[in-house]
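The values are calculated or read from the model by the stated rules, or taken from the named source; none is laboratory data. Because the structure is predicted, anything quoted here is derived from the model rather than measured. Cβ coordinates were reconstructed from backbone atoms using ideal geometry, including for glycine residues, and neighbour counts include every protein chain displayed. Just the protein is used for accessible areas: all its heavy atoms, side chains included, with ligands, DNA and RNA removed. Shrake-Rupley method; radii C 1.70, N 1.55, O 1.52, S 1.80 Å.
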Amino acid sequence: MRSHRPLLTLALFVALGVPNLYGMMDCGGVGANDFPNITQPVQGEVIAASGLFTANVSFPVALTASSLVDMELQTDSGTTIINVTSAFLPMGQSDFDGATSASADFDAVALGLVPGFQTLLVRLDADGVGGSAARAVTFEWTGPPSGGSCEETAGSALNDCFLAVSEATRLCYLGTGAACSPADTTIVAAQSQLSTDVSAACTDAQVQSLGYGAAVTTSGLVARLNESCLGNASTLAARYFGGPHGAVLNGILGNPVGEACLGGAYDESASFLGTAFGLQRDCVLDDGSCVPGTVSADIDTEAAISAAAIDANCPGGLIEILVGLPAAEGLARTQSQSECMISAAHGDTTPLALRCGASSLPPGVSVVQTEPAGLTPLAPGVATQLVLDEAVWGTRCGDGTPYAFWIQLAPAGSPAGQMVTHLQGGGVCVLREQCEGVPASLFNALDDNYTESGILSADPVESAFANWTKLFMPYCTQDVFTGGGVLQDFGTVSVERYGAIDARAALRVLRNIVAAEMNASDPEGFRPDRLQVVFGGSSAGGFGVMFNLHHALDEERWVHSTMINDAALGLDTMGTFGIGTLGSLAQGSWATRLTQPPYCLDSSCVVGPILNAAHSPRLLAVPEQQLLLVSNQVDNVQIGTTGWPDTASFVNEARLQYCAAETLPGVRYFLDAIPTSFHTYLRNNSAYYTFDIASTPLVDWVEQAVFDPTNLNNLVEEGTLTTAYPGVNPFGCPTN
């Protein structure tokens, strides 16, 4: 039993005539065996400069609801007492019933302690009938290191803000099923306090000298920290409540077991995030003796404790049933958040090797080549192939080889934070016979070259995105970028299904490299909410966009994103080999529940129209946050790979589903009616730039979605298909 949530708001009052206590004090004739025992901190201990410390207390007997416990921190002068009893209470309890010990983590800076000697006092009346036994230890906090007050304040202010905002967020969702209002008084006060504290402690020169960025100002740092404060609470809410719209939570509100599970998982994860952040922050602020391996082991220990607490609140694996994530996996993602928080709070995170942080070449990432060869890797405008170390990133191609991808940073003088990403197509193999027939090259990413075509064009005459940063993600797992990291062994052939893991790792590496670029040149530095992103994919990559857009929006927090699904409508025949059947097979063989959005976990959520409808309520956080569906209505690749018997039946289903969803918020269609089969537009120069509907070329429609999204309309063509393909029905709704 423990609480590892640092207390944010503690009652301060003047205590008259209350001396500092060392050792034991008998208040009523109690015996020696009645005293509590303080095992941490120990008498005379010196607390690290970061001010983070853990207090552990054990009780002589198991306490009951009648037991009276009083815990205080006293300053060296003896005139100020901070009542910290509530910090030791078990999560969700108002008393110590059943406890034999208690633990709490504290932050001296957050508590407002003055450097010097401090006393922890514990009074206990185990049976609650009078006569208390008290014990105290004195320890010393020397204060933050000289010259480090700006960095120290940045970390403690972010920690305080996150804990206040995460608790407010939890209460808002549990109370209303929705996020807090931006005007929520707790959230406004937390952000205001962060801004005040950091602005008072930091100058522009200090911020730049501490490594936050060569051009970053104090106001830029404040904005970065405030985004991290709010954003990390929002990420937890999306993970455990079912997206920003709380779809899963709203489905079980009124069910005490379900509410306790999701609310408890959120609360425990927020506490674990604060703990992991504190352990890493201690290491960064250490004088050089920190051992990163020890920090990692300590975080693993805390994660195991938190996982057990979540499982206790979610009997029978309920958390996995509700949001698709076992407790351990959810906490692994929370730990990743803690690394992002550390990188926001500190300019130099040495000696930690973080997978989330500004870095010109992140850990576990190696340069393979440039295109053309011989150029400076990752220089502005230079396409660079990178390969990931599986031991660091957990990535793998279908044949077990490392995952590789291409990044081309924006040319010199253009903002690095405008980004176009593209997921490659390449079919899908589900059954043994299909996978046996896949060429070996489609299970490997290292041999995929980079070409500047279509939406990845570098010609400003052709594309408004020409001077943007580009990311090209090859496809090498034949799982339409949904695989959660398992080996599917057919006996005669085996395929590593790591598609979603590969894509999300590439997105994170891009984030880290772009963050370093923005910190070096931008007074506001890097914030994920400042990125402008076009997240696209074709064919199998179009499915990848559908299955991973929630990751980009919720885990990376790239809120200013426009998603483009090119030629992957995902229409279901409802037959033996339809898309719906694939969903069931994939959940069993590809571990896709680990990668699906928590608000759409059924096996049917691979069906395009079902997933579109599930995504819709969480879109439009900003006007350009839309999902664009691009396809020709006659597409033999889609028809053949998704089990349709003929062209007419596919076209009729496409038209039926469009009419059912034409007003779906945040979802827009470009449905061409070329009578001959056509598959994929985004990387095809002739199609992307010249194919049009109602005199609007696709390129103009896509650019309008990014730059003028409020006026974007569906573009849908009737064409001559009712004549070209007997049995095709006209649209049952208006077209262009």
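Quick notes on this structure:
- In the stretch 71-85, the residues that are in contact with a Ser or Thr (Cβ under 9 Å, 6 or more places away or on another chain) and at pLDDT 85 or above: M71, E72, L73, Q74, I82
- Taken over the stretch 358-383, the criterion of being buried (at least 16 other Cβ atoms within 10 Å of the Cβ), closer than 21 Å to G499 by Cα and of a type in the set (V, I, T) is satisfied by V365 alone.
- Residue match in the stretch 219-233 (condition: touching a residue at least 24 places away in the same chain (Cβ under 8 Å) and under 15 Å from E152 (Cβ atoms)): yes
- Check on A303, farther than 27 Å from V188 by Cα, open to solvent by less than 40 Å² (accessible area, probe 1.4 Å) and assigned to a helix (DSSP H, G or I): yes
- In the set G264, G213, G243, only one residue is buried (at least 19 other Cβ atoms within 10 Å of the Cβ), in a helix (DSSP H, G or I) and in contact (Cβ under 8 Å) with a residue 40 or more places away in the chain; that residue is G264.
- Filtered residues of the stretch 126-138 (kept if surrounded by 21 or more Cβ atoms within 10 Å (Cβ to Cβ) and either in a loop (DSSP other than H, G, I, E, B) or at pLDDT 90 or above (or both)): A126, V137
- Residue in the stretch 555-573 that is of a type in the set (K, R) and at positive phi present: yes
- Selection within the stretch 75-116 - in contact (Cβ under 8 Å) with a residue 60 or more places away in the chain and assigned to a strand (DSSP E or B): T80, I81, I82, N83, S101, A102, S103, A104, D105, F106, D107
- Listed conditions (1) in contact (Cβ under 8 Å) with a residue 40 or more places away in the chain; (2) open to solvent by 40 Å² or more (accessible area, probe 1.4 Å); (3) part of a loop (DSSP other than H, G, I, E, B) are all met by S289, apart from (1).
- Any pair with Cβ under 8 angstrom, 6 or more apart, that starts in the stretch 351-362 at a residue that is under 17 Å from S296 (Cα atoms) and ends at one that is among the aliphatic types (A, V, I, L, M) and open to solvent by 30 Å² or more (accessible area, probe 1.4 Å): R355/V392
- Taken together, N467, N449 contain a single residue that is under 19 Å from G381 (Cβ atoms) and either part of a helix (DSSP H, G or I) or more than 29 Å from the chain's Cα centre (by Cα) (or both), which is N449.
- Among the numbered conditions (1) crowded, with 20+ Cβ neighbours inside 10 Å; (2) not in a strand (DSSP E or B), the only one that L121 does not meet is (2).
- Test result for S414, farther than 30 Å from G578 by Cα, without any contact (Cβ under 8 Å) to a residue 60 or more places away in the chain, of a type outside the set (V, I, T) and part of a strand (DSSP E or B): no
Listed here are the residues, each with its yes/no results for (1) outside any loop (DSSP other than H, G, I, E, B); (2) open to solvent by 20 Å² or more (accessible area, probe 1.4 Å).
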residue	(1), (2)
F481	no, no
Q488	yes, yes
A503	yes, no
L510	yes, no
M518	yes, no
D529	yes, yes
G537	yes, no
G542	yes, no
N565	yes, no
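- Scan of the stretch 376-407 for residues that are touching a residue at least 40 places away in the same chain (Cβ under 8 Å), polar (S, T, N, Q) and out of contact with any Asp or Glu (no Cβ under 8 Å at 6 or more places or on another chain), ordered by number: T401
- Residue satisfying condition, being open to solvent by less than 20 Å² (accessible area, probe 1.4 Å) and either modelled with pLDDT of 90 or more or not hydroxyl-bearing (S, T, Y) (or both), within set V109, V46, V57: V57
- Among the conditions (1) at pLDDT 70 or above; (2) of a type in the set (S, T, N, Q); (3) open to solvent by 70 Å² or more (accessible area, probe 1.4 Å), T9 misses just one, which is (1).
- Failed criterion for G575 (all others in (1) small (G, A, S); (2) open to solvent by 10 Å² or more (accessible area, probe 1.4 Å); (3) assigned to a helix (DSSP H, G or I) hold): (3)
- Failed item, numbered, when S234 is tested on (1) outside any loop (DSSP other than H, G, I, E, B); (2) at pLDDT below 95: (2)
- All told, L249 falls short of being more than 24 Å from G525 (Cβ to Cβ), out of contact with any Lys or Arg (no Cβ under 7 Å at 6 or more places or on another chain) and at pLDDT below 95.
- Check on V495, more than 23 Å from S359 (Cα to Cα), among the β-branched types (V, I, T), outside any helix (DSSP H, G or I) and in contact with an Asp or Glu (Cβ under 9 Å, 6 or more places away or on another chain): yes
- Residue within the stretch 321-336 that is open to solvent by less than 40 Å² (accessible area, probe 1.4 Å), out of contact with any Gly (no Cβ under 7 Å at 6 or more places or on another chain) and β-branched (V, I, T) present: yes
- Condition check for R224: open to solvent by 10 Å² or more (accessible area, probe 1.4 Å), in contact with a helix residue (DSSP H, G or I) (Cβ under 9 Å, 6 or more places away or on another chain) and basic (K, R): yes
- Sole exception among (1) assigned to a helix (DSSP H, G or I); (2) open to solvent by 10 Å² or more (accessible area, probe 1.4 Å) for P182, by number: (1)
- Verdict on G426 being closer than 21 Å to Y498 by Cβ, touching a Phe, Trp or Tyr at 6+ places or on another chain (Cβ under 8 Å) and either among the small types (G, A, S) or open to solvent by 10 Å² or more (accessible area, probe 1.4 Å) (or both): yes
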